[in-house]
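Structure record follows, encoded as structure tokens.
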Amino acid sequence: MNRQRPFTKLKNIKDASKLPKEEKVKSNTQVTKVLITGGCGFIGSHLSRALLEQGVSVRVLDDLSTGTKNHLPHEVELIEGSLLDKDLVAHSVEGIHICYHLGAVASVEKSITNFSKTTAINLLGTIHLFETISKLSVPIPIIYASSAAVYAGYTKLPFHEDLSPLPSSPYGADKGAVELYAKACFQTYQIPTIGFRFFNVYGPGQDSNSPYSGVISIFCDKIRKGEEITIFGNGTQTRDFIHISDVICYLVKALEFPFHGCQIYNLCTGVAISINQLVDTFEQLLDKKIFRKWVTPRKGEPKASLGDPRRTIRDFDIKPQCSLEEGLKTLIESQERNLCV
Ligand code: NAD
Ligand code: UD2
């Protein structure tokens, strides 16, 4: 079994600690109350729990379209409704010190089949939030979810933050546009932001029941049920899979960030895993044969996606810790636990 730590491959690129230090994070914020849009979703519910553990009060705005209340600790104040409801957005930011904006239709595929509806939420919903915050006497910082989908048009790996968005899907275009509006909102209204370009996040709690779910959650569920898995294309396409625990470490650390502009950071590991490798790893961990079916590739999806994590590691002083093997184990164990309760 391959038990390499995720950062083995980073040896080929310059060590993050050797990069210039002037942008190093200094702790300066006293945050007591945050808003998380999309807080009932996969990433948002993990973040809610982690922030509560830090003694931070959490309010969530979520329309429960893909998220669920069951994932949310009872201490969280839930405002049920949409980012498209301006009055509700205004109500949601009252008394808040920092906003995490995760609420979105988080699917490339859905953005293609349901273009204007998805864009209304992912772009216009975000603009409602920016506009509301621009009207506060002191604009609060926003930490928002962008995506690796903004790099879809690039082929030279790894992708680094200085690359401007070059999307190939409406979803990627919305995320790229949000980054542009974040820049404009800093210039115009002095709203400080951090945009995290999440790569492929996985872990316990991710929905596996929709055809739009992330590949790891779909595979894990099918493998448990003894069903055949479907691979789009020949399975040599690669992704940079990052475990939810690592993502949450960065999001929590971002609370201490000296917000002073509109920064963009990759959230990735710097390790490329092919879909075939992913299935092989499941096979090794479970010690069982997995039945694979290969079908035509998804239209327009990138053949390779790999992030450069060095800037994020340098400025946040955290390295992703969870290898793919360890991460898949957490998923398998959480499935087993859920079956036993
Ligand atoms: P998710 O679908 O689990 O969570 C999204 C949440 O947003 C859900 O709870 C949903 O109900 C809520 N929501 C949707 N439309 C809304 C609306 N109009 N008003 C209020 N709430 C609404 O997805 P996730 O994986 O937790 O993703 C969180 C964020 O991270 C999204 O912005 C997504 O685009 C981004 N992202 C995720 C990944 C990933 O691999 N999971 C990768 C890149 C970017
Ligand atoms: C994109 C974004 C990601 C995030 C996500 C939100 C890129 C590179 N990544 O993820 O950052 O925003 O969208 O949805 O743009 N696959 C199979 N069989 C399946 C399911 C998927 O082979 O049953 C393949 C799929 O063809 C792709 C890979 O697995 O090559 C990952 O697919 P995904 O849907 O989990 O995520 P992806 O990369 O579209």
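Just the projected area, averaged over all directions, of the convex hull on the alpha carbon atoms of the stretch 122-201: how many nm²? Don't skip to the answer; put the middle values down first.
Values: hull surface 21.2 nm².
Projected over every direction and averaged, the Cα hull of the stretch 122-201 covers 5.3 nm².
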Inset, instruction - Starting from one equal scatterer on each C-alpha and no solvent at all, send me the Debye-based log10 I(q)/I(0) for the stretch 71-118 at q = 0.19, 0.26 Å⁻¹, two decimals. - result: -0.82, -1.09
Inset, instruction - May I ask for the distance between the Cα centers of the stretch 192-223 and the stretch 307-341, given as a whole number of Å? - result: 12 Å
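Distance cut-off 25 Å, Cα to Cα: go down the list LYS175/LYS299; LYS222/LYS319; LYS156/LYS319; LYS222/LYS288 and report the pairs above it. Could you put the intermediate results ahead of the total?
On the way: LYS175/LYS299 19 Å; LYS222/LYS319 31 Å; LYS156/LYS319 23 Å; LYS222/LYS288 13 Å.
Violating the 25 Å Cα-Cα cut-off are LYS222/LYS319.
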Inset, instruction - Kindly state, as a whole number, the per residue volume in cubic angstrom of the convex hull around the alpha carbon atoms of the stretch 268-321. - result: 93 Å³
Legend entry - Descending Cα extents along the principal axes, the stretch 43-134, whole Å: 40, 29, 17
Legend entry - For the chain, the Rg and Dmax computed from alpha carbons only, in angstrom: 19.4, 60
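Multiply the residue gap between GLU227 and LYS253 by 0.36 nm, knock off their C-alpha separation, and tell me the result in nm, one decimal place. Don't skip to the answer; put the middle values down first.
Numbers: separation 26, 0.36 × 26 = 9.36 nm, distance 3.95 nm.
Difference between extended and current length: 5.4 nm.
Can you give me the orientation-averaged projected area of the convex hull built on the Cα atoms of the stretch 234-341, in nm²? Walk me through the intermediate numbers first.
On the way: hull surface 37.8 nm².
Average of the hull's projected areas for the stretch 234-341 equals 9.5 nm².
How long are the semi-axes of the equivalent ellipsoid of the stretch 27-184, taking √(5λ) for every eigenvalue λ of the Cα gyration tensor, in whole Å from largest down?
Working: eigenvalues 132, 62, 52 Å².
Semi-axis lengths for the stretch 27-184 are 26, 18, 16 Å.
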Legend entry - Alpha-carbon centroids, the stretch 39-64 and the stretch 252-270: separation in whole Å: 18 Å
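If packing is taken as the average count of other Cβ atoms within 10 Å, what order do 327-333, 72-78 fall into, highest mean first?
Values: 327-333: 18.7, 72-78: 14.6.
Listed from highest to lowest mean packing, they are 327-333, 72-78.
Bear in mind that the values in this text are calculations on the coordinates, not laboratory data. Source: prediction; values computed, not measured. For neighbour counting, all protein chains shown are included, and Cβ atoms are generated from backbone atoms with ideal geometry for every residue, glycine included.
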